[in-house]
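Notes to accompany the following structure.
The values are calculated or read from the model by the stated rules, or taken from the named source; none is laboratory data. Worth saying up front: this structure is predicted, and the values here are computed from it rather than measured. When we count neighbours, we look across all protein chains shown, and the Cβ atoms used for this are built from the backbone with ideal geometry, even at glycine. Calculation scope for accessible area: heavy atoms of the full protein, side chains included, ligands and nucleic acids excluded. Shrake-Rupley method; radii C 1.70, N 1.55, O 1.52, S 1.80 Å.
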Amino acid sequence: MRTIQFREALREALSEEMRRDPNVFLMGEEVAEYNGAYKVSHGMLDEFGDKRVIDTPIAELGFAGIGVGAAMNGLRPVIEFMTFNFSLVAIDQVINSAAKMLSMSGGQYKIPMVFRGPTASAGQLGAQHSQAFENWYANTPGLKVIVPSNPYDAKGLLKAAIRDDDPVIFMESEQMYGDKGEVPDGEYLLPIGVADVKRKGTHVTIVSFGKIMKACFAAADELAKEGIEAEIVDLRTVRPIDYATVIESVKKTNRLVVVEEAWPLASISTEITYMVQKNAFDYLDAPIRRITTADVPLAYAPTLVEEFMPNAAKIIKVVKEVMYK
Amino acid sequence: MAKTKFSKETYLMWYEQMLLMRKFEERAGQLYIQQKIRGFCHLYIGQEAIAAGAMSTIKADDNIITAYRDHVHPFIKGVEPKYVMAELYGKFTGVSKGKGGSMHMFSQPHRVFGGHGIVGGQIPLGAGIAFAEKYKGTNNVTLCYMGDGAVRQGALHEAFNMAMLWKLPVVFIIENNNYAMGTSVERTSNVVELYTLGESYDMPAAPVDAMSVEAVHDAMEIAVAHCRDGKGPYLLEMKTYRYRGHSMSDPAKYRTKEEVEEYKSQDPIQRVLTTLLEKKYATEAQIETINDKVNLIVDESVTFSEESPFPDASELYKDVYAQEDYPFIRE
């Protein structure tokens, strides 16, 4: 099978959907003439023209709201945030307009649109460019939140997101755009809200999603050398969450470690932990553990980034603790 | 001059529609005190000429969106008052199935894109609705209403900039009743002539005496034609006044009784009534007939609302997602 970059998988998804449906358009900062801040939309202006690949001024609140208004009136916008860190100035339109419109209009105005861009940290970018927002958006009814971890999932899920009639938050990572992975030729869709068991194992379940999955795989490889077979569940979607796949895995392994690049309070790991204790209490042979980021803003220095982030070593340590090894 | 160019029928329509808005809102105020209507409740009394003056300038495919002082805007597009009243009651027969309430009046068949509750939030939405019309190649115009308080939000400036940059067919209409809740326009900025805010973006703009329905009509006609011709957005500052407080819980102690009385002496409905009688477009008896008709519509809207059911509890999880089988967390 051919191998392409994460950014190319996203571009294929966008381009295929724009060829398929003239109501789909891409709008955001630097998406057109600059070819995308991270080159996701490279070449798309040439193919689709400036009616459908639209550069905006730096005005996230304004263009997010214009996207929601366009969705109310029959279009299917894809709004790119250069990073979800900038979505904070647009969050009124995401939460108060996009997420609530169908409900407060009594079912009259659907919002079939996608907000997409990178989330969380990407090295030494300092405090204001490094926050993870998955749990923020996942908290809000009306939204769906997708966080793919590889090019194959990214393409299939982005196509599904664009075709979905609900507003979808689609979160990527600067540290994934160059990742390569197998993506078949031709069209395919992946279902929103279905987790994927990325690695089979019997001793412990590791649940994660998005970029930090890479640390989980590295940890599992090391653990395997010591005879510990970890099962890795990739949530892929954090609203809705596929609890059944997680619970089924935990009932088999009897141990759970949740890995998440996010602050700990009221995080996705908190939610997973609640649901597993409620539905699989009698199956647990050890307390559920989690690895999150440190409960602080991310500082610049490399030593502090290292200390802040989840990584394979931290995962290995905690897995061994739940294995009582 | 302006007063002579409108037909008798137009004046009669304006009188009836403005009186309907007035009587509807007066009844809403009474029903609020009786606790039939709950939540927040912002009345339009005094501002009727803005809505009525637009009615004579737009067509069925045009769009409107506004903020939370939104009870009568649906009338502009032909929504029957009883469905708005039922929404105020929280009944399932309301325009938004009782899920919106006072601040969220929507009617998709009438291209009413809502009442919105976050000050200024509807301004980018209005630009986006217009963006879709331009994208689809129609010549439909979007009317985007806002209060004077909203013009101080960043959303306005971002939306104005992009609306001009992309020549979107949207008329931005400031309903300047001089108070953002309790804060006067003068206390919110050095720039108090609000139509001049368009100048920063080269947006054509004009102030309007919005106590005069004729003046509103004239200004709207120019602005709507400008948009329909593909020339981009237009800004109108409607200088108006609300007789009541910001909401039902506001005693309006920030202004004098004399100020309120001064505006009431220019009452837009009274002005149209005077014209009708002076020009002998209608007799006293014909006016009484209209008054009775309006009162009957309001009475019937109350009866309809009283007799309508609240949404069933099973509605709670409906209309949250377009997806029919969304797996909500139940515990």
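Quick notes
- Residues of segment A:202-214 that are in contact with a strand residue (DSSP E or B) (Cβ under 7 Å, 6 or more places away or on another chain) and over 17 Å from residue A:324 (Cα atoms): A:207, A:208, A:209, A:210, A:212, A:213.
- Take the conditions (1) surrounded by fewer than 20 Cβ atoms within 10 Å (Cβ to Cβ); (2) touching a residue at least 40 places away in the same chain (Cβ under 8 Å); residue B:26 misses just one of them, which is (2).
- Filter result (assigned to a loop (DSSP other than H, G, I, E, B) and either more than 8 Å from chain B (Cβ to nearest Cβ) or in contact with a strand residue (DSSP E or B) (Cβ under 9 Å, 6 or more places away or on another chain) (or both)) within segment A:106-125: A:108, A:109, A:111, A:112, A:113, A:119, A:120, A:121, A:122, A:123, A:124, A:125
- Residue that is farthest from the chain's Cα centre (by Cα), among those in segment A:157-185 that are free of Cβ contacts under 8 Å to residues at least 60 places away in the same chain and open to solvent by 40 Å² or more (accessible area, probe 1.4 Å): A:165
- Cβ-Cβ under 6 Å pairs, at least 6 apart or on other chains, segment B:302-325 side more than 13 Å from chain A (Cβ to nearest Cβ), far side of a type in the set (Gly, Ala, Ser): B:305/B:86; B:308/B:86
- When segment B:96-132 is limited to residues that are facing chain A (nearest Cβ under 7 Å) and among the β-branched types (Val, Ile, Thr), the one that is least open to solvent (accessible area, probe 1.4 Å) turns out to be B:129.
- In this structure, residue A:53 does not satisfy being closer than 27 Å to residue A:16 by Cα, touching a residue at least 60 places away in the same chain (Cβ under 8 Å) and more than 7 Å from chain B (Cβ to nearest Cβ).
Okay, residues lined up against (1) of a type in the set (D, E, K, R); (2) touching a Lys or Arg at 6+ places or on another chain (Cβ under 7 Å); (3) open to solvent by less than 80 Å² (accessible area, probe 1.4 Å):
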site	(1), (2), (3)
B:235	no, no, yes
B:244	yes, no, no
B:258	yes, no, no
B:266	no, no, yes
B:273	no, no, yes
B:276	no, no, yes
B:308	no, yes, yes
B:320	no, no, yes
B:328	no, no, yes
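- Hey, residue B:282 away from chain A (no Cβ under 14 Å), open to solvent by less than 50 Å² (accessible area, probe 1.4 Å), among the aliphatic types (A, V, I, L, M) and part of a loop (DSSP other than H, G, I, E, B) or not: yes
- Every residue from segment A:109-133 that is crowded, with 24+ Cβ neighbours inside 10 Å and aliphatic (A, V, I, L, M): A:111, A:113, A:114, A:120, A:132
- Taken together, the criteria exclude residue B:168 from residues that are open to solvent by less than 10 Å² (accessible area, probe 1.4 Å), of a type outside the set (Phe, Trp, Tyr) and either within 7 Å of another protein chain (Cβ to nearest Cβ) or not in a loop (DSSP other than H, G, I, E, B) (or both).
- Residue in segment A:138-156 that is in a helix (DSSP H, G or I) and either among the hydrophobic types (A, V, I, L, M, F, W, C) or assigned by TED's automatic domain parsing to the domain that holds residue A:294 (or both) present: yes
- Taken over segment B:217-233, residues that are open to solvent by less than 60 Å² (accessible area, probe 1.4 Å), assigned to a helix (DSSP H, G or I) and of a type outside the set (A, V, I, L, M, F, W, C) amount to 4.
- Taking the listed residues A:85, A:73, the one that is polar (S, T, N, Q) and either at positive phi or in contact (Cβ under 8 Å) with a residue 12 or more places away in the chain (or both) is A:85, with no other qualifying.
- Comparison of B:175, B:186, B:158 shows that the only residue that is within 16 Å of the chain's Cα centre (by Cα) and either surrounded by fewer than 24 Cβ atoms within 10 Å (Cβ to Cβ) or within 25 Å of residue A:64 (Cα to Cα) (or both) is B:175.
- Of residues in segment A:72-105 being part of a helix (DSSP H, G or I), closer than 14 Å to residue A:169 by Cβ and among the aliphatic types (A, V, I, L, M), the one farthest from the other protein chains (Cβ to nearest Cβ): A:88
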